[in-house]
Amino acid sequence: MGKYFGTDGFRGEANVDLTVEHAYKVGRFLGWYFNRHNRHRKARIVIGKDTRRSSYMFEYALVSGLTASGADAYLLHVTTTPSVSYIVRADGFDCGIMISASHNPYWDNGIKIIDNQGQKMDGRIESQIEEYIDGLMGEIPMAKREDIGCAQDYSVGRNRYIGYLMSIPKRAFMDVRVGLDCANGAAFMIAKSVFDALGAKTYVINNEPNGININNGCGSTHIDSLKRFVTENGLDVGFAYDGDADRCLAVDEFGREINGDLILYICGLEMKKHGELANNTIVTTVMSNIGLYKALDEAGINYEKTAVGDKYVYENMVKNGHMIGGEQSGHIIFAKHATTGDGILTSLKILEAMLENKTSLMRLTKKVKIYPQYLRNVHVTDKEAAQADPDVQAAVAKAEKELGNDGRILVRPSGTEPLVRVMVEATTDEICRDKVLDVVRVIKDKGYMK
């Protein structure tokens with residue numbers, strides 16, 4: 001990770017960690033950089049944003065920087081991260097920018113840069129942006145006269161993405177009762193339109209964004225409201241997205257949460273049945289549950305593990321030719337259709353699996369026994385130092401020995417926040433909690449906790 005760019009872009013509290021000056025300089029660099037590679041035309045860069053109040057501020061700052069450097073900016077307005085990824089590669093843009101802090105609270109925001117293949121930008125270019133922000137590479141010339149860029153509406157791109165999603169399912173969703181939690185975020189403009197067009201009876205909550213209610217007690221990080229909504233209204237299934245809709249978690253007809261591990265199992269089995277599971281392999285992260293691996297072993301499906309982050313999942317998929325991978329948090333990548341996690345696409349795939357098998361979501365997951373898991377996010381002053389501390393490592397080693405083959409412990413720094421994540425899986429909730437608290441206590445005693 002760089003000074004500003006982490007595993008998921010440049011993220012922080014708006015006008016504290018990530019300021020309008022930062023956004024302007026990101027735009028200045030990208031406009032200049034891509035114009036150098038387009039001698040015969042202006043660089044074309046497409047921008048999307050989520051519903052945070054600060055997203056509008058950052059959009060204008062980015063547009064100012066881009067056009068001042070001679071690039072043309074195309075505005076998708078409020079849309080999802082996967083839609084930007086799709087439009088960049090489908091419509092031949094030089095790069096894309098998504099303004100979002102994903103599942104973070106409204107006061108945070110982020111700038112995600114997407115290359116012309118719809119993938120996260122090469123870290124080498126992000127490093128150059130950081131050098132420019134810090135004044136280490138000199139000033140970039142201003143465009144003049146006819147070389148100054150312009151900005152234009154490109155909401156047609158969002159509509160094209162909606163049409164693309166509608167083309168993916170192989171059957172209609174006639175009369176299926178579907179609940180959607182749009183997290184008061186980017187999905188509110190898209191998700192219901194797609195399900196309605198495919199014939200579902202669609203019921204939506206948290207689709208009235210006001211700039212400060214994104215992810216607030218709703219969406220994939222706060223799924224209890226969707227659980228209640230599904231059971232109280234007798235729905236067949238529910239889907240919850242995060243702020244920029246690159247994640248999806250589901251709820252079955254009994255209000256039980258279906259996380260990313262279970263989604264990988266459902267969709268992996270379906271792909272295997274249809275001969276679409278390349279290399280007979282699913283890509284997971286180290287956070288996936290032991291229960292998933294046991295179920296995949298029983299189903300005769302191979303798996304690989306990467307570091308946490310959909311970036312690493314996709315890198316593994318590309319390198320090895322795998323077709324599905326994802327995270328427990330609901331980032332699921334279907335390589336045939338997308339280059340990034342896509343929450344709405346994931347929900348379409350789950351519902352299609354239900355209809356193909358003529359069964360409920362609960363029945364599709366009944367063979368997976370998920371081990372109890374407890375995760376504690378510890379706010380720390382220095383996440384790398386806390387994790388590397390010898391006493392913390394000794395506490396982790398002690399927990400590993402005591403858990404043996406009946407569980408595991410994972411301690412890792414967050415890629416986007418000042419956190420150390422301590423996670424334990426074991427045979428009971430009590431064991432999980434005790435082992436986590438043992439490690440957290442050492443982190444606190446050593447003075448790392450904020």
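The values are calculated or read from the model by the stated rules, or taken from the named source; none is laboratory data. Predicted, not measured: the structure shown is a model, and the values here were computed from it. Positions of Cβ are backbone-derived with ideal geometry, glycine not excepted, and every protein chain shown enters the neighbour counts.
The table for this structure:
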item: Residue in segment 248-267 that is nearest to the chain's Cα centre (by Cα), counting only those that are crowded, with 23+ Cβ neighbours inside 10 Å and farther than 16 Å from Val313 by Cβ; result: Leu249
item: Flag for Ile263 being among the β-branched types (Val, Ile, Thr), touching a Ser or Thr at 6+ places or on another chain (Cβ under 8 Å), within 21 Å of Ile370 (Cβ to Cβ) and in contact (Cβ under 8 Å) with a residue 24 or more places away in the chain; result: yes
item: From the options Glu208, Glu253, residue that is touching a residue at least 40 places away in the same chain (Cβ under 8 Å), assigned to a loop (DSSP other than H, G, I, E, B) and among the charged types (D, E, K, R); result: Glu253
item: In segment 189-204, the residues that are within 24 Å of the chain's Cα centre (by Cα) and either assigned to a strand (DSSP E or B) or of a type in the set (S, T, N, Q) (or both); result: Ser193, Thr202, Tyr203, Val204
item: Checking Pro372 against (1) surrounded by fewer than 22 Cβ atoms within 10 Å (Cβ to Cβ); (2) touching a Cys at 6+ places or on another chain (Cβ under 6 Å); (3) at pLDDT 95 or above, the condition it does not meet; result: (3)
item: Some residue of segment 81-103 being surrounded by fewer than 19 Cβ atoms within 10 Å (Cβ to Cβ), touching a Gly at 6+ places or on another chain (Cβ under 8 Å) and not in a helix (DSSP H, G or I); result: yes
item: Index of the failed condition, Val424 passing every other in (1) in contact (Cβ under 8 Å) with a residue 60 or more places away in the chain; (2) under 26 Å from Ala250 (Cα atoms); (3) in a strand (DSSP E or B); result: (1)
item: Unmet criterion (only one of (1) out of contact with any His (no Cβ under 9 Å at 6 or more places or on another chain); (2) surrounded by fewer than 24 Cβ atoms within 10 Å (Cβ to Cβ)) for Ala61; result: (1)
item: Inter-residue pairs, beta-carbon under 7 Å, first surrounded by fewer than 22 Cβ atoms within 10 Å (Cβ to Cβ) and in segment 330-353, second at pLDDT below 95, 6+ apart; result: Glu352/Lys170; Glu352/Arg171
item: Residue within segment 107-118 that is part of a strand (DSSP E or B), at pLDDT 95 or above and closer than 19 Å to Asn159 by Cα present; result: no
